[in-house]
Amino acid sequence: MTTHHFLFTYSISPIEGSDNAAKTADKVRKGIANIASPDWVKLSTVETTFSGRVTLTAETVCEKREEARDIIDRELRGVIDSYKARCDIRANISILVDGLGPRMDIII
């Protein structure tokens, strides 16, 4: 088990141009901003960015990348699903994890 520092940023966009989709996107943004995890810190100076630590149990770099991506994906999908927003928004997430190579991207 190893602990790695990470940085991720995200963009939440309405899929269609309706007021309802835009309101849903705003709710999701606020929900993500309020994620409460002792190992995650929302940056106050960059409104859609978190830094923190992630503990990984995988052995290879490839497996650790997948595990880190899954942890962040699962957390953000949880927020999106809590607003039943999968059909209304698109989430673009970019992640860097210390020691695990190039940027990883997630699209929800």
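All of the numbers you see were taken from the coordinates with simple rules; none came from a lab. Predicted, not measured: the structure shown is a model, and the values here were computed from it. A quick note on method: Cβ atoms are made from the backbone with ideal geometry, for glycine too, and the neighbour counts reach across all protein chains shown.
Just a few scattered comments:
- Computed over segment 1-78, the P(r) curve from all C-alpha pair distances, binned at 5 Å from the origin, holds 3, 14, 23, 21, 16, 12, 7, 4, 1, 0 percent per bin.
- The packing ranking, built from the mean of other Cβ atoms within 10 Å per residue, places the peptides 46-56, 15-25 in the order 46-56, 15-25, highest first.
- Computed [θ] at 222 nm, helices only, for the chain once each DSSP H run of length n ≥ 4 contributes -39500 (n - 2.57): -11500 deg cm²/dmol
- Burial ordering of V79, V41, fewest other beta-carbon atoms within 10 Å first: V41, V79
- Total lysine pairs in the chain at Cα distances under 20 Å, for residues eight or more apart or on different chains: 5.
- Counted by neighbouring Cβ atoms within 10 Å, the residues Y83, Y10 run from fewest to most as Y83, Y10.
- Per-residue Cβ neighbour rank within 10 angstrom, fewest leading, K30, K64, K84: K84, K30, K64
- Taking each residue as 0.36 nm, the span from D81 to C62 lengthens on full extension beyond its C-alpha to C-alpha distance by 4.1 nm.
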